[in-house]
1. Filter segment A:18-68 for residues that are under 11 Å from the mean Cα position of the chain (by Cα) and among the aromatic types (Phe, Trp, Tyr) and give the result.
2. I want to confirm something. Restricting to segment A:23-78 and keeping residues that are facing chain B (nearest Cβ under 9 Å) and hydrophobic (A, V, I, L, M, F, W, C), which single residue is most open to solvent (accessible area, probe 1.4 Å)?
3. Taking only pairs six or more apart or across chains, which ones have beta-carbon atoms under 8 Å, a first residue in segment A:16-41 that is of a type in the set (Asp, Glu), and a second residue that is not in a strand (DSSP E or B)?
4. Looking at segment B:30-52, which of its residues are polar (S, T, N, Q) and either surrounded by 13 or more Cβ atoms within 10 Å (Cβ to Cβ) or touching a helix residue (DSSP H, G or I) at 6+ places or on another chain (Cβ under 6 Å) (or both)?
5. Could you please let me know if residue A:11 is crowded, with 16+ Cβ neighbours inside 10 Å, away from every other protein chain (no Cβ under 13 Å) and assigned to a strand (DSSP E or B)?
6. Would you please list the contacts, defined by Cβ atoms under 6 Å and residues six or more apart or on different chains, that run from a residue in segment B:32-45 that is more than 8 Å from chain A (Cβ to nearest Cβ) and in contact (Cβ under 8 Å) with a residue 12 or more places away in the chain to a residue that is open to solvent by less than 20 Å² (accessible area, probe 1.4 Å) and of a type in the set (Gly, Ala, Ser)?
7. Any residue at all in segment B:72-88 that is exposed (fewer than 13 other Cβ atoms within 10 Å of the Cβ) and under 30 Å from residue A:108 (Cβ atoms)?
8. Within 12 Å of chain A (Cβ to nearest Cβ), aliphatic (A, V, I, L, M), out of contact with any strand residue (DSSP E or B) (no Cβ under 6 Å at 6 or more places or on another chain) and within 27 Å of residue A:33 (Cα to Cα): is that true of residue B:52 in this structure?
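The values are calculated or read from the model by the stated rules, or taken from the named source; none is laboratory data. The model shown is predicted, which means the values in this text are computed figures rather than measured ones. Cβ atoms come from the backbone with ideal geometry, glycine included; neighbour counts cover every protein chain shown. Just the protein is used for accessible areas: all its heavy atoms, side chains included, with ligands, DNA and RNA removed. Shrake-Rupley method; radii C 1.70, N 1.55, O 1.52, S 1.80 Å.
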Amino acid sequence: NAGVTQTPKFRILKIGQSMTLQCTQDMNHNYMYWYRQDPGMGLKLIYYSVGAGITDKGEVPNGYNVSRSTTEDFPLRLELAAPSQTSVYFCASSWAAGRETQYFGPGTRLLVL
Amino acid sequence: ILNVEQSPQSLHVQEGDSTNFTCSFPSSNFYALHWYRWETAKSPEALFVMTLNGDEKKKGRISATLNTKEGYSYLYIKGSQPEDSATYLCALDTNAGKSTFGDGTTLTVKP
């Protein structure tokens, strides 16, 4: 199993540009998550999904959108990039909520200039 | 939004020292607590998941305890080695699917 994969690994965006961060998992997990990690901080939840077709906001959803059309994929969309969105983005998945361990992808480093 | 606090923020120890750090959370909001190990330039990896008051988990030289009544968990590392250098995250889970992470404790073990 590849686990959780993310693309791209690194991207530079200009202010106002849009992009989609891709996340795919091959473990048939129901739950998927998007986090951002800013320097010196922990992980902040952006959006999560409990299954295909169902998504919900996390702690810091503003400026982002998600969709979950399949169990495997959970893309994160930035519509109008802003410098405040410079961060490292991690996708994760788990079988269920609560007691189940989350498995993380390798991260996408995004720089908005 | 739950408040999960970890202390200290960073820790420098010598090889062979034993150390411990703390994760504090609101005791009224608890379903499960996770500890993750996060090495530089890698992804967080799970260490322990704990659910019951009094839970104790152990993996090699690393162990953790949980007190849900007072709202804290301790992570202990016995005889620290340079390869233990990493950031240790705790995360509080509700059954609703949202995980709240602390900011982590960054451990540096000097040879």
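1. Scanning segment A:18-68 gives A:33, A:34, A:35, A:47, A:48, A:64.
2. Within segment A:23-78, the match that is most open to solvent (accessible area, probe 1.4 Å) is A:41.
3. Within 8 Å, the pairs are A:26/A:1; A:26/A:2; A:26/A:3; A:26/A:72.
4. Let us first name the residues in segment B:30-52 that are polar (S, T, N, Q), namely B:40, B:43, B:51.
B:43, B:51, listed by residue number.
5. Values: crowded, with 16+ Cβ neighbours inside 10 Å: yes; away from every other protein chain (no Cβ under 13 Å): yes; assigned to a strand (DSSP E or B): yes.
For residue A:11, the condition - crowded, with 16+ Cβ neighbours inside 10 Å, away from every other protein chain (no Cβ under 13 Å) and assigned to a strand (DSSP E or B) - is met.
6. Short answer, once both residue conditions are applied: B:33/B:73; B:35/B:64; B:37/B:86; B:38/B:86; B:39/B:86.
7. Yes, the conditions are met somewhere in segment B:72-88.
8. Values: within 12 Å of chain A (Cβ to nearest Cβ): yes; aliphatic (A, V, I, L, M): yes; out of contact with any strand residue (DSSP E or B) (no Cβ under 6 Å at 6 or more places or on another chain): yes; within 27 Å of residue A:33 (Cα to Cα): yes.
Yes; evaluated as a whole, the condition is true for this residue.
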